[in-house]
Structure formats: C-alpha cells, structure tokens
Amino acid sequence: MDPGLFKRRSEYEWEIPPQGAMRVPAVIFASEQLIREMDQKVYEQASNVATLPGIVRAAYAMPDAHWGYGFPIGGVAAFDPDEGGVVSAGGVGFDISCGVRCLHTGLKRADVAPVAALLAEALFSRVPAGVGSTGTIRLDPGEMDAMLRGGAQWAVERGWGVPEDLERIEERGRMSGARPEAVSQQAKNRQRDEMGTLGSGNHYLEVQEVTRVFDESIAHAFGLHQGDIVVMIHCGSRGLGHQIGTDYLKRMVAEAARHGIVLPDRELACAPINSDVGREYLGAMRAAINCALANRQIITHLVRGVFADILPHAQLPLLYDVSHNTCKLEPHRVNGGVKQVYVHRKGATRAFGPGHPDLPEAFRDVGQPVLIGGSMGTGSYVLAGTARSEELAFSSACHGAGRAMSRHQAARKWKGRQIVDELAARGVLIRSPSMRGIAEEAPDAYKDVSAVVDAADAAGLARKVARLEPLICIKG
Amino acid sequence: MNARWEHFSHEADMGVRGVGATLSEAFEQAALAMTGAVTDPQSVEPREEVAIECEAPDRELLLVEWLNALVYEMAVRKMLFSRFEVQLDGNRLHGRAWGERVEPARHHPAVEVKGATYTALRVAEEGGEWIAQTVVDV
C-alpha cells in the first residue's frame with residue numbers, strides 16, 4: 001500500500017481517519033516497509049470494521065495483517081454492549097481459538113540430535129495429523145458437553161496432563177460461559193473423533209531450539225535459555241469450531257438485516273451482543289475455545305508420551321498457551337474510564353502487560369508470554385506483553401508471519417520434495433502426509449516473521465524475548 | 001463451451017470457481033474445484049453416493065450452503081468426492097456426490113476445507129456461461 005494513504009501517528013502507527021460510514025478511525029501497526037508490502041484489502045477491511053455498531057476507540061490491525069474474511073487477519077476490534085455493540089463470527093474466524101502452546105523439555109540440542117529421526121517418526125505416528133485423521137478418543141454426548149464446558153480442565157481431570165498445566169493456559173484452561181446447547185449437532189458430529197488431532201493447513205507441531213535471547217531477565221522468568229529445546233504446538237478447535245463458524249455466519253447475515261445493520265461486506269455479518277443470536281454465538285464460541293484448549297492439552301499428553309519413550313529423562317512442563325482467534329469480555333480503557341468490552345482478536349494474540357491480574361504469579365512482573373509461530377522451517381518468537389499495549393491496541397500483538405503468496409501460487413512454484421530436501425540439508429526434519437501441503441506451506445510463501453516481530457516490538461505492542469528455530473516439524 | 005473449474009488466488013486461502021453452460025453445471029464444477037483444493041480429483045474413485053439437500057434465500061447463499069454441506073459430509077464421513085450432480089428447483093438444491101474414503105497414501109490431501117465463506121462470492125451469467133465462485137477457508 002502507498003504510505004501516503006495514511007495519517008502517520010508515529011513511526012509505527014498508520015491511521016485511516018474516519019470517513020464515510022466509519023464510526024472510529026482504523027489504525028495499522030507496522031513499519032513503513034510492511035505497509036508498502038501489505039495488501040490494499042487490509043485498508044478496506046479495517047475501514048469496514050470501523051463502521052460496525054458499538055465499536056470503541058479504533059479498528060486495529062497488527063503488523064502481520066493480511067486479507068481475511070470481513071475482518072482482516074491480524075485484526076483487533078472491541079465493542080461496547082451498552083452502545084449497541086456487536087459480536088461477529090467472521091471477526092473471530094472459522095478456526096475458533098486457534099493458538100499456540102509451548103512446552104519446555106529441559107533438553108539441549110546435543111540430547112536431541114542423536115535421536116532426532118526417531119523422535120520425528122514417533123511424533124508423526126502418535127500425533128494424528130492431516131486430512132481424515134482421527135484420534136483414539138470417542139466422546140459420547142455427555143462427555144462432549146463436559147469437554148465443551150471444561151476445556152483443558154476436563155482433559156486434565158481425564159488424565160491428559162497435570163493440574164500445574166492449567167496455570168499456564170489463558171482462562172486457566174477453562175473458558176467460562178460456554179453453552180454446549182448453542183452448539184449444533186453437526187458441529188458435535190464433526191468433533192466426535194477429532195479430539196487430539198493437529199489438523200492441516202498451517203497447523204504444526206515443532207521441536208525447536210532457542211537460538212537467540214533478546215531479553216535475559218524476561219527469558220529467565222519464562223524459563224528460557226540459549227540452546228534450550230522446546231516443543232511448539234499450533235492448532236485449534238478442529239471441525240467443531242469450523243462448523244460453529246459456518247452455522248453462525250449464516251444466522252448472523254439474517255440477524256444483521258433484522259437489526260438494520262448495514263454491512264459493507266456480507267462476511268462482516270454480526271449480531272448485537274444483547275440479542276439471542278449474539279448470546280448464543282458467544283456461548284457456542286466459548287465452548288469452541290474449550291474444545292481448542294482440550295485439544296492442545298491432549299496433544300501435549302501425546303507428545304509427553306513420545307518423549308517419555310525416547311528421552312525418558314526429559315520433563316515437559318508447559319510454558320504457556322495462547323489463542324489467537326477469539327472474542328473475549330475484558331475491562332479496557334474507553335473514553336477516560338474503564339469499560340467491559342468484547343474484544344475480537346482474529347489472528348492476533350492477547351498480550352497482557354506486567355501486573356495484569358489474570359497472569360499467573362510467575363509472569364506477574366514481566367508480562368504475558370506471547371507465542372508467535374513462524375512459517376514452516378524458519379523461526380518462531382516468544383515475546384512478552386507490555387504495559388503500553390493496553391493504550392495501543394487493547395493489549396494485543398501479532399500472531400505469525402502472514403502469507404506473502406497464496407497457496408495456489410506456492411503449489412505452482414515449489415515441489416514438496418524439494419522443500420523437504422532443502423530443509424533437511426539445513427538440519428530440519430519435516431514429516432507430513434502431503435507433499436503438496438508442504439509446497440503450499442513453503443517457507444518463502446510467508447512474509448519474514450522477523451520483520452513482523454521487530455515491528456510489534458518497535459511499536460510497543462509486545463517485547464521481543466527469544467527466537468526459536470525448528471529441528472523437527474510435523475505438518476498436518 | 002466446456003464445463004470447467006479453476007482456483008483463484010486469495011492471500012490466506014483459496015478461491016474456487018466453477019464454470020458451466022447452466023447454473024447447475026457451474027455448481028457441480030465449483031464443488032469439483034473445492035475437491036481440487038484438497039487433492040487431484042482424478043485420484044478419487046466415485047464409489048459411494050451421498051445425497052445432499054439444501055436451500056437458501058438467494059443463489060449466492062445457496063452456493064455457500066451447497067459447498068458447506070459437502071464440507072460437512074467430507075468431514076464426518078472422512079470422504080473425498082469427485083463426481084457431482086446438481087438439480088436446482090428455485091432456491092432449493094437437490095444434489096448427489098460420489099466419492100470414497102480418504103486414503104492419505106494415495107490422495108496426499110494438502111489441506112482440509114474448514115468452510116466456504118462469503119468472500120469473493122459471485123454467481124452470475126457472463127458471456128453465455130454461468131460462473132459460481134467463492135473463497136474456501138483452509
């Protein structure tokens with residue numbers, strides 16, 4: 001995009017002043033270079049979000065923003081229920097509560113290197129990944145509802161993990177306010193045999209090494225040190241979340257019309273928070289958040305089982321678990337006071353700063369761990385929430401690299417085998433059921449995650465703590 | 001004029017487009033394009049038949065309904081489809097899809113389709129052919 005289209009608030013803040021039906025400004029956080037490379041659609045979509053009823057402060061976009069559905073991916077927007085504010089299924093996304101979880105291992109590269117191939121094979125065979133894969137857990141209707149209400153707490157109660165894990169998950173592993181009865185039978189059917197599965201697309205499980213530490217003291221508080229091996233898991237609420245997205249998008253198209261809400265794009269379909277459809281969606285979405293938390297918890301259990309067999313002295317406590325497709329009720333500063341608002345983060349990570357009461361004791365002084373997944377075979381980052389992020393973007397930061405080219409282009413440009421070989425030559429082992437899937441996820445099909453993270457750090461959204469690089473990647 | 005399908009670029013996901021002499025044919029081809037997002041449709045044997053019924057207030061929303069009904073069947077039956085038959089009766093659709101259970105070793109499925117969206121959604125007659133397209137979230 002042309003930087004001249006914006007009013008530049010600061011080196012890293014680009015404002016679109018309200019125009020036409022926009023109720024508030026739209027603000028993109030990015031370096032000038034990222035703005036130049038960003039899709040024009042982000043401008044259009046962020047401006048469209050700013051027209052929705054009850055939006056407060058501004059429609060924000062993170063440095064990794066790209067063309068999404070209605071909302072840009074990398075979008076953050078908060079709505080006041082007392083001012084006619086809305087909730088939007090598209091503003092959360094199809095993959096509700098998609099997120100990233102990081103596990104310590106207590107190992108160094110020298111421990112893993114001799115068994116890397118064995119570890120890769122075992123992870124690939126024990127963690128179901130890819131289209132059509134199923135888990136071994138079958139949920140009857142009663143257990144399905146218990147899972148949707150209980151999230152990771154439910155999983156831990158069933159033996160998939162330990163109670164200490166829960167402290168290290170947003171909402172302490174269980175999103176309250178879930179309403180399983182607002183989740184359709186189709187959505188439940190799609191989930192029946194998908195618990196503990198990774199999915200496909202950009203979802204992965206990686207064994208990574210901490211290759212750089214930027215902030216020693218925060219890294220220490222997070223338990224990260226140069227050379228540490230960690231496990232990073234990226235996946236979401238599987239078929240259940242996808243079906244809830246589909247079901248409510250459709251209902252919200254009709255509901256928005258019923259309330260006289262003018263939609264510049266059908267995909268922005270929404271319902272007032274204080275309406276039956278709005279309340280039902282929130283209940284169903286919270287159930288899907290629990291599904292995602294339970295899913296990542298079960299995968300964690302599977303990963304621990306693999307390590308117990310191959311590297312029995314390893315311990316895999318949880319560093320943290322973040323979700324980057326959510327809508328949550330949170331207190332934020334609005335018009336000089338503090339209000340409870342519904343914050344949509346679609347492809348954006350919550351990034352609470354130091355002192356936030358929702359943070360576990362261990363992170364109270366340094367801020368929330370913000371886990372940023374890079375593209376396959378490149379790098380990932382751990383950041384920390386800042387105090388400033390509250391005033392900038394409701395305590396939010398970026399979530400990943402963002403695609404630089406479509407799957408379609410990537411599949412034409414690369415062959416999966418060639419990518420596997422190139423990465424193997426650099427010491428990265430890839431395992432996947434699909435070579436075409438690998439080509440579509442080629443490292444160069446994504447933007448440089450470092451540029452995105454540098455911009456988030458420089459803008460003050462989150463602070464850079466450590467960089468991680470993969471040794472093993474299981475791709476769905 | 002040949003019935004055909006193609007993909008178009010969307011930054012994060014994939015656009016599916018069906019083109020045909022009739023609206024029904026365009027819907028059938030759009031479904032084939034969606035299978036094409038997952039695997040090569042020619043690798044899928046049309047062994048088993050699944051019936052699909054749906055309706056919507058207009059034909060664009062009907063395209064999304066049709067594709068989402070297929071996404072659902074693919075997900076719960078763990079199937080891929082390679083042959084489709086669509087009959088339209090106003091805004092009601094009677095469809096049949098033929099396919100088989102997904103076999104990763106043979107189909108190498110690249111992605112799972114999460115759902116059909118309303119992005120770049122268009123159903124229209126253009127230059128004597130029908131076009132039915134939208135973006136699917138993968």
Legend entry - Failed criterion for A:N202 (all others in (1) in contact (Cβ under 8 Å) with a residue 40 or more places away in the chain; (2) part of a helix (DSSP H, G or I); (3) open to solvent by 10 Å² or more (accessible area, probe 1.4 Å); (4) within 14 Å of chain B (Cβ to nearest Cβ) hold): (2)
Inset, instruction - Of the conditions (1) touching a residue at least 12 places away in the same chain (Cβ under 8 Å); (2) open to solvent by 10 Å² or more (accessible area, probe 1.4 Å); (3) of a type in the set (A, V, I, L, M), A:L52 clears all except one; give me its number. - result: (2)
Legend entry - Sole residue being under 20 Å from A:F29 (Cα atoms) and either modelled with pLDDT under 95 or surrounded by fewer than 22 Cβ atoms within 10 Å (Cβ to Cβ) (or both), chosen from A:G416, A:G460: A:G460
Inset, instruction - Could you list, in sequence order, all residues of region A:253-290 that are within 14 Å of chain B (Cβ to nearest Cβ) and either closer than 20 Å to A:H203 by Cα or of a type in the set (S, T, Y) (or both)? - result: A:A288
Legend entry - Pick from region B:109-129, criterion buried (at least 22 other Cβ atoms within 10 Å of the Cβ) and more than 24 Å from A:L263 (Cα to Cα), ranking: farthest from the other protein chains (Cβ to nearest Cβ): B:V113
Inset, instruction - Give me a count of the residues in region A:35-64 that are over 14 Å from A:L263 (Cβ atoms), of a type in the set (A, V, I, L, M, F, W, C) and at pLDDT 95 or above. - result: 8
Inset, instruction - Could you list, in sequence order, all residues of region A:206-256 that are open to solvent by 30 Å² or more (accessible area, probe 1.4 Å), under 30 Å from A:F71 (Cα atoms) and in contact with a strand residue (DSSP E or B) (Cβ under 8 Å, 6 or more places away or on another chain)? - result: A:R251
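Every residue, every condition in (1) in contact with a Ser or Thr (Cβ under 7 Å, 6 or more places away or on another chain); (2) within 24 Å of B:E6 (Cβ to Cβ); (3) not in a helix (DSSP H, G or I), yes or no:
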| site | (1), (2), (3) |
| --- | --- |
| B:Q42 | no, yes, no |
| B:A51 | no, no, yes |
| B:C54 | no, yes, yes |
| B:P57 | no, no, yes |
| B:E73 | no, yes, no |
Legend entry - Evaluation of B:A97 against (1) open to solvent by less than 10 Å² (accessible area, probe 1.4 Å); (2) at the interface with another protein chain (Cβ under 8 Å from one of its Cβ atoms) (one fails), failing number: (2)
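For region A:1-77, which fully contained strands (runs of 3 or more DSSP E) count at least 1 residues that are under 28 Å from A:S375 (Cα atoms) and among the small types (G, A, S)?
The strands (runs of 3 or more DSSP E) meeting that bar are A:26-29, A:55-69.
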Inset, instruction - Go through the residues of region A:315-338 one by one and say whether even a single one is touching a Gly at 6+ places or on another chain (Cβ under 6 Å) and basic (K, R). - result: no
Inset, instruction - Determine which single condition B:E60 fails, assuming it passes every other condition in (1) more than 11 Å from chain A (Cβ to nearest Cβ); (2) closer than 16 Å to B:T117 by Cβ; (3) of a type outside the set (K, R). - result: (1)
Legend entry - Residue list for region A:419-457, filter: in contact with a strand residue (DSSP E or B) (Cβ under 9 Å, 6 or more places away or on another chain), away from chain B (no Cβ under 14 Å) and either open to solvent by 30 Å² or more (accessible area, probe 1.4 Å) or under 27 Å from A:R9 (Cβ atoms) (or both): A:A424, A:G427, A:L429, A:V449, A:S450, A:A451, A:V452, A:V453, A:D454, A:A455, A:A456, A:D457
Legend entry - Selected residue (criterion: farthest from A:L318 (Cα to Cα)) from residues of region A:206-246 that are more than 14 Å from every other protein chain (Cβ to nearest Cβ) and touching a Cys at 6+ places or on another chain (Cβ under 6 Å): A:E206
Legend entry - Within region A:130-160, tally of residues that are surrounded by 24 or more Cβ atoms within 10 Å (Cβ to Cβ) and assigned to a loop (DSSP other than H, G, I, E, B): 2
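Please indicate, with yes or no, whether at least one residue in region A:176-188 is in contact with a strand residue (DSSP E or B) (Cβ under 9 Å, 6 or more places away or on another chain), open to solvent by 20 Å² or more (accessible area, probe 1.4 Å) and over 21 Å from A:V303 (Cα atoms).
yes
Looking only at residues that are more than 10 Å from chain A (Cβ to nearest Cβ) and free of Cβ contacts under 8 Å to residues at least 40 places away in the same chain in region B:1-32, which one is most open to solvent (accessible area, probe 1.4 Å)?
Selected residue: B:N2.
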Inset, instruction - Say whether the condition of being hydroxyl-bearing (S, T, Y) and either farther than 21 Å from A:I218 by Cα or modelled with pLDDT under 95 (or both) is met by at least one residue in region A:422-440. - result: yes
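The values are calculated or read from the model by the stated rules, or taken from the named source; none is laboratory data. Because the structure is predicted, anything quoted here is derived from the model rather than measured. With ideal geometry, Cβ positions are generated from the backbone for all residues, glycine too; neighbour counts draw on all protein chains shown. We work out accessible area using only protein heavy atoms, side chains counted, and drop any ligands, DNA or RNA first. Shrake-Rupley method; radii C 1.70, N 1.55, O 1.52, S 1.80 Å.
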